[in-house]
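> Please find one structure pasted underneath; my questions will follow.
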């Protein structure tokens, strides 16, 4: 019908043009009216389809396929190279997790990331540790790199009674040096045990237990933070030894100063005062290349107590007599905050000097209550 009307209008125009008559306005009006209706219908249809797509998109983002989408995409900044956030996904439900990456010197560095809220969040977290172009691009600017070998696939992940059994394919073993082997294992164990539902990790390869890896890391049992070392010369804790993770500083990429854990071993017997040990470890030179402490040398812990969920630490005068520097003052506080947060039951720390409230040389209060932080090195998705 529309085609017939168009032909009639065309014929009418030709005829009236040859006679010098006025055009066939009736047919023109009918065609215009019909065209307007068609256009409006098309617009309404597109709008309805778009609304359906938007609804589906909101549903999809509640459950994202593991290891694919993150809450904030990053794209390269042409001027500085710094990733910037893509505002398109800012409204996606998200949550913070902590992943354990490595830097170019081979140290494991924890970094809190914001990722899309999804089913299988633990699996998604480990997927972000695999070396591929997307994962690398998101973190390389910050001096960090994925730990798991390229091509590594997660075949399964099951969490039961606090134990996460994770099954990798054979590419999990595609590495060439001992440092990488240690980093792979500690990264997986520490990333998964960041989740409150996971206390230990069992690693399988193609569904089978691997007793010893290339450089003799033992995977036969359940690995947890109580028996797995990080940023150490080994992974497995020696028999009759206990361990404590203490936090030191490392400068990365000449841009960022990161806090990272280092496992210290000590005999199970004769070392009952863990907090005194922590103070000693933090106030000594780490003895590890590139790492340093802000805690003054030789500081001693005189006493400690609990005030509800607040840990009260009483130090000798050396805590505040090192000479000053605001950055260093906060560095000292943060090293203690992050080191004790793994002990459990502690929400805050209060510092005393010789049993009394005090200030650091630059005026930073020592005696106020400092909250144990939930995030660490959270520069990537800020």
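> The stretch 232-382: Rg/Rh from Cα coordinates, Kirkwood Rh?
On the way: Rg = 15.4 Å, Rh = 16.2 Å.
Dividing the radius of gyration by the Kirkwood radius yields 0.95.
> Another one. Subtracting the Cα-Cα distance from 0.36 nm times the residue separation, let me have the gained length for residue 284 to residue 173 in nm, one decimal. Walk me through the numbers on the way to the answer.
Working: separation 111, 0.36 × 111 = 39.96 nm, distance 3.61 nm.
36.4 nm is the gain from fully extending residue 284 to residue 173.
> Can you tell me the order of 96-107, 341-352 when each peptide is scored by its average per-residue count of other Cβ atoms within 10 angstrom, highest first?
Numbers: 96-107: 19.1, 341-352: 15.0.
Descending packing order for the listed peptides: 96-107, 341-352.
> Assuming 0.890 mPa s and 25 °C, estimate D for the stretch 166-221 with Stokes-Einstein, Rh taken as the Kirkwood radius over Cα pairs, in µm²/s. Can you show the working numbers first?
Details: Rh = 11.8 Å.
The Stokes-Einstein estimate is 209 µm²/s.
> Another question about this same structure. How do 330, 175 rank when sorted from fewest to most other Cβ atoms within 10 Å of their own Cβ?
Working: 330 16, 175 19.
Lowest count first: 330, 175.
> Return the distance in nm (one decimal) between the two label points of a simple spin-label model at residue 218 and residue 303, each offset 7 Å from Cα along Cα→Cβ.
4.3 nm
> How would you classify the stretch 335-380 from its alpha-carbon gyration tensor, with a ≥ b ≥ c the square roots of the eigenvalues: rounded for a/c under 1.5, else prolate if a/b is greater than b/c, otherwise oblate? The partial results should precede the final answer.
Values: a/c = 2.91, a/b = 1.51, b/c = 1.92.
Oblate, since a/c reaches 1.5 and b/c is not below a/b.
> Same structure again: What's the center-to-center distance, using Cα atoms, between the stretch 276-336 and the stretch 170-192 in Å?
If we compute the Cα centre of each part, the gap is 32 Å.
> Under 12 Å from a point 7 Å along the Cα-to-Cβ line of residue 369: which residues of the stretch 300-344 have their amide N that close?
Label zone hits: 307-312.
> Give, in nm to one decimal, the length gained when the segment between residue 274 and residue 208 is fully stretched (0.36 nm per residue of separation minus the Cα-Cα distance).
Numbers: separation 66, 0.36 × 66 = 23.76 nm, distance 3.75 nm.
Working it through step by step, the gained length comes to 20.0 nm.
> With each pseudo-label sitting 7 Å past Cα toward Cβ, what's the residue 253-residue 239 distance in nm, one decimal?
Those two pseudo-labels are separated by 4.5 nm.
> If a paramagnetic tag sat 7 Å from the Cα of residue 327 along the Cα-Cβ line, which residues of the stretch 238-259 would have the backbone N under 12 Å from that point?
What the label zone holds, given the 12 Å backbone N cut-off, is 250-252, 254-258.
Bear in mind that the values in this text are calculations on the coordinates, not laboratory data. This one's a predicted model, so the numbers in the text were calculated from it and none came from an experiment. Cβ coordinates were reconstructed from backbone atoms using ideal geometry, including for glycine residues, and neighbour counts include every protein chain displayed.
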